[in-house]
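To keep things clear, I will list the structure first and then write my remarks on it.
No value in this document is a laboratory result; all are computed from the given coordinates. Not measured: the values here are computed from a predicted model. Positions of Cβ are backbone-derived with ideal geometry, glycine not excepted, and every protein chain shown enters the neighbour counts.
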Amino acid sequence: MNILAFESSCDETSASVVLREGDSFIIKSNIIASQVDTHRLYGGVVPEIASRAHIEAISSITYEALEVAGVTLSDIDLVAVTANPGLIGALLVGVNFAKALAVSNNIPLVAVDHIKGHIASAFLSEGEVPKPPFVALAASGGHTAIYKMETYTDISLIGTTRDDAIGESFDKIGRMIGIPYPAGRGFDELSREGFIEATGDSENFYKKYKKSAAYKDAAMTLPSPALRDGSFDFSFSGLKTAAINLIHRYEQRGIELPRALFAARYTFEAVEAVAMKIDMALKANPGCDFVMAGGVAANSHLRHRLSEVARENGVKIFIPSMSLCGDNAAMIAASGYYEYLKNNFADSSLNASALDSVV
Ligand code: KG4
Ligand code: ZN
């Protein structure tokens, strides 16, 4: 069956055609119109501008997705759309477009949760794919949460951030040290330079970092965002505030901030906190493999460290390819397929919601 899917929850408008054949998904097209160049001017996503840009892009990227896939609307068996969580105005564009298209062409419609969509990106791999139950990390601009996928559609929350998300914190602190929005990737690269500078080793820098003089530098101390209360939760706002204070202290003393060493330190605290909670979650859920998903799953240090945690726990780790970590509609198609199997159909009364459905 051919699935036409839409994603418009934040600053990427995406349409994709995914073919489900036998046991596998084949991505026929996955068109992503990114708005980051527009939002970069403001240092972050401006919701009203995002909604307008989705409206401008959605028709043409739909034509493009069909054309690249070599299909027409009459070949589409299912329409899937992100209905929550996200920016409400942005979501409404995709939801209304998908509804109109599905209803007027008599195609079944399913609503998809954006987070389940990110996790479902692991099902799009050409190699082995995860089988529920498994533990999943969703690390993005809006989420830092650990879930258990009980089945392909049933999900429960294990732990989450109580304030800021990891991606948002990279974006905000990155901006303060001159990395353009979205800062995640630039932060990743600058941290790599910092780790190498701290250890003098361009390969095993992460492992050696804790023994380096840079790590022991008291002026660079930052708190862990892992809450030490036995929960699986995080607080990234404490780390963010401490980082802002650290930057200000350097400014006040008239000393230039060693940007790369600072980025490395920040990344190390963020990654170690996630590693600690994922380790706890895997131990609490024996027999579960592990999926990491979301825009921050593109982070090279997090990928490296969580692969190590999975190995130590004797479980398999599934990480989507780089191109499927960020927001895209192919992941929405994969998640939508399983909603379809459960007969979780939506109709013309479908509405969007800014809120998480899994809390
Ligand atoms: O999943 P996503 O595309 O959108 C949301 O649903 O939020 O995630 C976007 C987030 C941004 O905060 C971006 O800075 C971050 O993912 N990101 C990264 C990397 N690539 C993207 N964060 C850390 N390291 C990266 N390599
Ligand atoms: Zn996302």
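Assorted remarks:
- Listing of helices (runs of 4 or more DSSP H) fully contained in segment 244-356 that carry 2 or more residues being touching a residue at least 60 places away in the same chain (Cβ under 8 Å) and among the charged types (D, E, K, R): 259-284
- Just so you know, in segment 102-123 the residues that are crowded, with 24+ Cβ neighbours inside 10 Å and of a type in the set (Val, Ile, Thr) include one that is nearest to ligand 2 (Cβ to nearest atom), and it is ILE115.
- Candidates GLY194, GLY174, GLY184, GLY178: the one that is more than 23 Å from VAL359 (Cα to Cα), in contact with a Leu (Cβ under 6 Å, 6 or more places away or on another chain), of a type outside the set (Val, Ile, Thr) and within 16 Å of ligand 1 (Cβ to nearest atom) is GLY194.
- Selection count where residues are in a helix (DSSP H, G or I) and under 17 Å from ASP171 (Cβ atoms), scope segment 220-237: 2
- Screening segment 1-83 for strands (runs of 3 or more DSSP E) wholly inside it with 3 or more residues that are more than 16 Å from ligand 1 (Cβ to nearest atom) and surrounded by fewer than 22 Cβ atoms within 10 Å (Cβ to Cβ) returns the ranges 12-21, 24-34.
- In segment 85-102, the residue that is nearest to LEU73 (Cα to Cα) out of those that are small (Gly, Ala, Ser) and touching a strand residue (DSSP E or B) at 6+ places or on another chain (Cβ under 7 Å) is ALA102.
- Only one of the numbered conditions (1) in contact with a Lys or Arg (Cβ under 7 Å, 6 or more places away or on another chain); (2) farther than 24 Å from ALA334 by Cβ; (3) not charged (D, E, K, R) is violated by VAL18, and that is (2).
- None of LYS277, LYS240, LYS283 is in contact with a Lys or Arg (Cβ under 9 Å, 6 or more places away or on another chain), of a type in the set (Lys, Arg) and more than 16 Å from ligand 2 (Cβ to nearest atom) except LYS240.
- Filtering segment 279-295 to residues that are in contact with a Phe, Trp or Tyr (Cβ under 7 Å, 6 or more places away or on another chain) and of a type outside the set (Phe, Trp, Tyr) leaves MET280, ALA281, LEU282, CYS288, ASP289, VAL291.
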